[in-house]
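Visitor: Please read through the structure below; I'll follow up with questions.
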Amino acid sequence: MVINDKFVVKMALRKLFTVSRGGLNMARGIHSYVCDPSIGLNPEQQEIQTVARDFARNELYPKMAEFDQKEEMPKETLKLAGEVGFGAIYCHEEHGGSGLTRFDAALIFEQLATGCTSTAAYISIHNMVAWMIDTYGSEAHKKKFLPGMAAFTLRGSYALTEPDSGSDAASLRTTARRDGDHFVINGSKAFISGSGDSHVYAVMVRHEGKPGPKGIFCILIEPDTPGFILGKKEKKLGWNTHAARIITFEDVRVPVSNVIGGEDQGFNIAMSGLNGGRLNIAACSLGAAQQSFDLALEHLKVRKQFGKALADFQWNQFKAAEMATKLVTSRLAVREAARHLTDNTQHKVAMCALAKLYATDTCFEIVNQALQMHGGYGILKDYPLQQFLRDSRIHQIIEGTNEIMRLVIARDVLTNSNALTG
């Protein structure tokens, strides 16, 4: 695998800077037990992973509770993430991207999520928008948006979901009527992460009077455009470091030149974006589970009941073994999907769905069990377990519900040839 040498050097310099500043000592570093996330990685991948871990340790974890309580996007921290190269991870270098692979990105998001799962999730969404512009946008789009997005001086949001179309994305109703060299947009989008703080929105809209997936296209809209209306900030269970709002479009005039991809390719773009989005969110669940597991292990060792440490009770030993098994197998699924997405194989769609389904479900179980092991302390907001629980629960819904993941996987295994029919 070819790694961007400039990026590795930049990350190494950032690593020295953050380590010199110190920071809160998290439960473990890169580990030596069977759940060590560096197992199987080459030295370059380990370097990428280590820098992401150090960023999470120094810039995210110490402020994780504060970010959640304030319910504000940590914009200055995001700019630091941009300095490291986390603003356009798998975009080309020409316009400021880091030029890394989807596999590298999965390593990064996993580590960032150990520090603040909500912020890591927003970084993953922002990166999806940057990738869409880098992959489908014109040269003018790339020059205008990507350098700022790479640095996190510009932030991106993705707008597909609508109040009446969630899992059934192809039924979206937001319309675009051609009027000379502009489209006039009317409709609304819901649950848009980063809304109110983003500078560019990749919006899926429908050609007026054209039903079905082929009627959908993607257009870039900036929030200062007349008729772009932000709804109230939603109060959410988790993911509190980035707002979610309904966005309403009332006769919003957008230049035709803002279309990215073909004028009938929006649904394909959306699905391609979601493959990576599902992988990234699965990686974020891994990070939440890893940190929660480590916190639980340390708690079991020091907490005593009935005259002995909780770690000495066989029940807790068995539960720890189950958690370790779930964590490692989830990581294997995520990394296998990352390889298929990086290599653009025919199995990438089903693999990303499989990884998202398995990792988000299983890692939530790990976080929940870690909270249970903490007893009453687990539900206190002075302890991070409840925040990891709230943030990771959303992953079973976002980027396609896990019920839809089951449909995607079932379609693959029931319609393609198997060992008996192939």
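Visitor: Kindly indicate whether any position in segment 311-322 is crowded, with 21+ Cβ neighbours inside 10 Å, modelled with pLDDT of 95 or more and part of a helix (DSSP H, G or I).
Guide: There is no residue in segment 311-322 that is crowded, with 21+ Cβ neighbours inside 10 Å, modelled with pLDDT of 95 or more and part of a helix (DSSP H, G or I).
Visitor: Further, regarding this structure: Being over 16 Å from Asp294 (Cβ atoms), of a type in the set (Val, Ile, Thr) and open to solvent by less than 30 Å² (accessible area, probe 1.4 Å) is true for just one of Val334, Val349. Which residue is that?
Guide: Selected residue: Val334, the only one of Val334, Val349 that is over 16 Å from Asp294 (Cβ atoms), of a type in the set (Val, Ile, Thr) and open to solvent by less than 30 Å² (accessible area, probe 1.4 Å).
Visitor: Let me ask something else. Out of the residues in segment 363-374 meeting the condition of being without any contact (Cβ under 8 Å) to a residue 60 or more places away in the chain and of a type outside the set (Asp, Glu), tell me which one is most open to solvent (accessible area, probe 1.4 Å).
Guide: Gln372
Visitor: For His340, only one of the following conditions fails: (1) in a helix (DSSP H, G or I); (2) farther than 16 Å from Phe103 by Cα; (3) not aliphatic (A, V, I, L, M). What is its number?
Guide: (2) is the only condition that His340 fails.
Visitor: Taking the options Phe318, Phe313, Phe364, name whichever one is closer than 12 Å to Ala282 by Cα and out of contact with any Gly (no Cβ under 7 Å at 6 or more places or on another chain).
Guide: Phe364
Visitor: Mind checking whether some residue in segment 83-93 is out of contact with any helix residue (DSSP H, G or I) (no Cβ under 7 Å at 6 or more places or on another chain) and farther than 17 Å from Asn275 by Cβ?
Guide: Checked against the condition, which is being out of contact with any helix residue (DSSP H, G or I) (no Cβ under 7 Å at 6 or more places or on another chain) and farther than 17 Å from Asn275 by Cβ, segment 83-93 yields at least one hit.
Visitor: Moving on. Specify the residue that is nearest to the chain's Cα centre (by Cα); the eligible residues are those in segment 162-187 that are modelled with pLDDT of 95 or more and surrounded by 19 or more Cβ atoms within 10 Å (Cβ to Cβ).
Guide: Applying the filter and picking the extreme gives Glu162.
Visitor: Could you check how many residues of segment 224-241 are crowded, with 16+ Cβ neighbours inside 10 Å and within 25 Å of Glu66 (Cβ to Cβ)?
Guide: Final tally of qualifying residues: 5.
Visitor: Looking only at segment 142-170, count how many residues are in a helix (DSSP H, G or I) and in contact (Cβ under 8 Å) with a residue 12 or more places away in the chain.
Guide: Matching residues across segment 142-170 total 11.
Visitor: Kindly evaluate Tyr122 against the criterion of being touching a residue at least 24 places away in the same chain (Cβ under 8 Å), open to solvent by 10 Å² or more (accessible area, probe 1.4 Å) and of a type in the set (Phe, Trp, Tyr).
Guide: No.
The values are calculated or read from the model by the stated rules, or taken from the named source; none is laboratory data. Because the structure is a prediction, the values reported are computed rather than measured. No Cβ is skipped: glycine too gets one built from the backbone with ideal geometry, and neighbour counts run over all protein chains shown. Heavy atoms of the whole protein, side chains included, go into the accessibility calculation; ligands, DNA and RNA do not. Shrake-Rupley method; radii C 1.70, N 1.55, O 1.52, S 1.80 Å.
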